[in-house]
Structures are given as structure tokens and as C-alpha cells.
1. Of the residues P139, P98, P87, which exhibits the maximal mean-square fluctuation in a Gaussian network model of the chain defined by a 10 Å Cα contact cut-off?
2. Among K181, K192, what is the fewest-to-most ranking by other Cβ atoms within 10 Å?
3. So how long is each side of the chain along the principal axes, counting just the alpha-carbon atoms, biggest first, in Å?
4. Just want the ordering: L61, L182, from fewest to most Cβ atoms lying within 10 Å of their own Cβ.
5. Taking the number of other C-beta atoms within 10 Å as the exposure measure, put F171, F102, F148 in order starting with the fewest.
6. How many nm separate the modelled label positions at D101 and T173, each set 7 Å beyond the Cα in the direction of the Cβ?
7. Rounded to the nearest 10 degrees, what's the angle between the helix 20-30 long axis and the longest principal axis of the chain, both from Cα atoms, 0 to 90?
8. Given only helices, namely DSSP H runs of n ≥ 4 each adding -39500 (n - 2.57), what is the per-residue ellipticity at 222 nm of the chain, to the nearest 500 deg cm²/dmol?
Amino acid sequence: MRPLTDTCPKPLLTVRGRPLIVWHILNLVRAGLTEIVINHAHLGHMIEEMLGDGSRYGANLVYSAEGSALETAGGIAKARDLLGDTPFVAIAGDIYCPHFDFSQVKDVLEENDPWGKPYPVGERDLAWLYLVKNPAHHPEGDFALANFSVTNHGEPRYTFSGIGVYRPELFDTVTAGESAKLAPILREFADKGKIGGEVYRGDWTDVGTIERLEQLNAPLKAGS
């Protein structure tokens, strides 16, 4: 995304008049999820200066600043004291999904089964991923899905959307302050049958190139 990101952190890039991260905040608040932790590194002070404490959006924002980018799992491990001991939803700051209904994530990793009995700890999913149809730039996908169980092998394959619900213990092996990618952890526990998921079929874009950003901001054609 350079040169745009030389002077602007990616989550503040604007789509249809609104920064990417604000789309997420408004959708979370609409679903009643108002306690939000934002981790940042590159030009992160600009994010804090723009969003403030979140009160203008009806949210309570707190920040986990990283001296250098720690990757997704590393960033979550650093922020664990802020995230608490219960499952939480995490969202990539560089995706655009304006109609995602975050109310559906509230109980996805609930402690009890449909009959109200506690799940044995060893039988619980450690994460629930929202997968999307493979975009043109990632045709091979990331995971397969079988009966709501995310697997590393099989067909059809889907792409991880960047939206997931996680139990904190998924990150027990990551030391706070170290850089760690999320994908290897998800693949490890997918092999153990501990990752659930479903397909999200709404609007979604990985805003990873200037061309994709320009496409999102292109004027709508009449009748579209």
C-alpha cells in the first residue's frame, strides 16, 4: 500500500468517506460490543489521535501500542491483560466488510452446549473463524470446512476473512512481546480438531493494494 502508508496507517485509509477501522467500530457498537482493544505499531499515534477514547462512536477504546509490529498472534498475546479471560472477537484492521453482523459472534464459543451443560474443557473449540470465498488474488484459499470444523486439507477451500473469535488460551504458547503469526497456531489446532468456523457470504475485501482501494472508492454505476 505504499506510498499511501508512508504517511497513514492502513486502518485509517478511507473507503467511501470512512476509515476502515471506523467501519469496524460502528458495526461492533451496533451489535452491542462496545469494549474495544486496538493494537497498533506503524504510525499508531495517528490512530489514537483520531479515535480518542471512542466516546463519539459509543465505544470505550483502549490501546495496546507495539514498538514494532508483533504480527497478529504476538499482538494478541501482548494485549491479553486488556482482553480478559473470556472469548473475544478479533478483526484485521485492513479489511472492508461493511455489513458484517457482529451480534452473531457473542455466543459462538459459549461455555455450555445447546442443552445448557458445560462443555468438557478438552472438547471445546479454541477458535471460530469466518471464512470467505477465495478472492482472485488468493485462489488457493487457506482452509477447508467440514460440518463447521475448520481443516487444513480437503475441498472446497476458503480464505480466512481476518475475523475470528478466540479463547485466550489459544495464545498460551506465545510470550508477550514476541512476534508471532496467527496462521501456524490455527493450523496446529485445526489438525487437533479444535477450530470451528463458517462461511461469511456478505461483502468483504482485503484492502491490500492501492488498486483494490481504488475499486472500493470508484463511483457506483447507475442501478448497482
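What follows is calculated from the coordinates using simple rules that are stated; it is not laboratory data. All figures in this text were calculated on a predicted structure; none of them were measured in a lab. Cβ coordinates were reconstructed from backbone atoms using ideal geometry, including for glycine residues, and neighbour counts include every protein chain displayed.
1. Result: P139 has the largest fluctuation of those listed.
2. Numbers: K181 13, K192 8.
Neighbour counts put them in this order, fewest first: K192, K181.
3. 49, 40, 31
4. Fewest to most other Cβ atoms nearby, the residues stand as L61, L182.
5. On the way: F171 24, F102 19, F148 11.
Ascending number of Cβ neighbours within 10 Å: F148, F102, F171.
6. Going by the 7 Å Cα→Cβ label model, 3.6 nm.
7. 60
8. Numbers: 7 runs with 51 residues, N = 224.
That calculation yields -6000 deg cm²/dmol at 222 nm.
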